[in-house]
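Derivation of every value follows stated rules applied to the coordinates shown; laboratory data play no part. Keep in mind it's a predicted model, so treat the numbers as computed, not measured. Counting neighbours? That spans all protein chains shown, and the Cβs are built from the backbone with ideal geometry, glycine included.
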């Protein structure tokens with residue numbers, strides 16, 4: 001098993017799709033440049049543009065916490081004007097600090113019990 005942390009963040013789109021696309025591009029570019037521990041960072045939107053899900057994977061809890069800090073300092077207010085959080089699920093074995101941060105966001109935790117990674 002790895003130290004990787006994954007999460008899915010499901011949201012309802014409450015703003016304009018153009019605003020969502022603009023924010024998404026800014027967040028993707030910023031994350032790519034500023035969080036080297038990000039392994040996977042992708043946004044998905046439903047066919048009707050009413051739901052948006054983020055799927056993120058980090059090399060460890062520290063990188064995931066760094067991303068949470070980046071989000072809070074730079075994007076949270078605009079994000080919440082465009083998207084209404086519905087479900088946050090965190091996968092992996094989070095550090096105590098990441099677990100506390102996830103609890104503040106109402107995260108559901110999924111702890112690994114077996115498998116492999118290539």
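Here the Gaussian network model covers the chain, with springs between Cα atoms less than 10 Å apart; of 33, 98, 54, 33 fluctuates the most. So how tilted is helix 17-34 from the main axis of the chain? Cα-based, degrees 0 to 90, rounded to 10. Value to nearest ten degrees: 40.
Looking at region 5-110 only, what percent of DSSP beta bridges run antiparallel? Nearest 5 please. Kindly include the intermediate steps, with their values, before the conclusion.
Numbers: 23 of 26 bridges.
Counting DSSP beta bridges with both partners in region 5-110, the antiparallel share is about 90 percent.
Contact order for the chain, expressed relative to its length and based on alpha carbon pairs under 8 Å spaced 6+ residues apart, stands at 38 percent.
The angle between the Cα long axis of helix 61-74 and the main principal axis of the chain comes to about 20°, on a 0 to 90 degree scale. Once you've got the GNM for the chain with C-alpha springs shorter than 10 Å, pick whichever of 18, 103, 26 has the biggest mean-square fluctuation. Taking springs between Cα atoms under 10 Å, the residue moving most is 18. Label zone (residue 2, point 7 Å along Cα-to-C-beta; backbone nitrogen cut-off 17 Å) within region 94-118: 94-95, 110-118.
Spatially, region 14-46 and region 53-73 are offset by 12 Å when compared through their Cα centroids. If the chain linking residue 96 and residue 45 were pulled fully straight, counting 0.36 nm for each residue of separation and taking away their Cα-Cα distance, it would gain 15.2 nm. Spacing of the modelled spin labels on residue 62 and residue 75, each 7 Å from Cα toward Cβ, amounts to 2.2 nm.
Using just the helices of the chain, give the 222 nm mean residue ellipticity in deg cm²/dmol: DSSP H runs with n ≥ 4 each add -39,500 (n - 2.57), and the total is spread over all residues, rounded to 500. Kindly include the intermediate steps, with their values, before the conclusion.
Numbers: 4 runs with 48 residues, N = 118.
Helices in the chain give a 222 nm mean residue ellipticity of -12500 deg cm²/dmol.
The spread of Cα positions in the chain, taken along each principal axis and listed from longest to shortest, comes to 40, 29, 27 Å.
Based on the Cβ-Cβ distance of residue 26 and residue 118, what FRET efficiency does E = 1/(1 + (r/R0)^6) give at R0 = 35 Å, to the nearest 0.05? Please list the in-between numbers first.
Working: r = 32 Å, r/R0 = 0.92.
That gives a FRET efficiency of 0.65.
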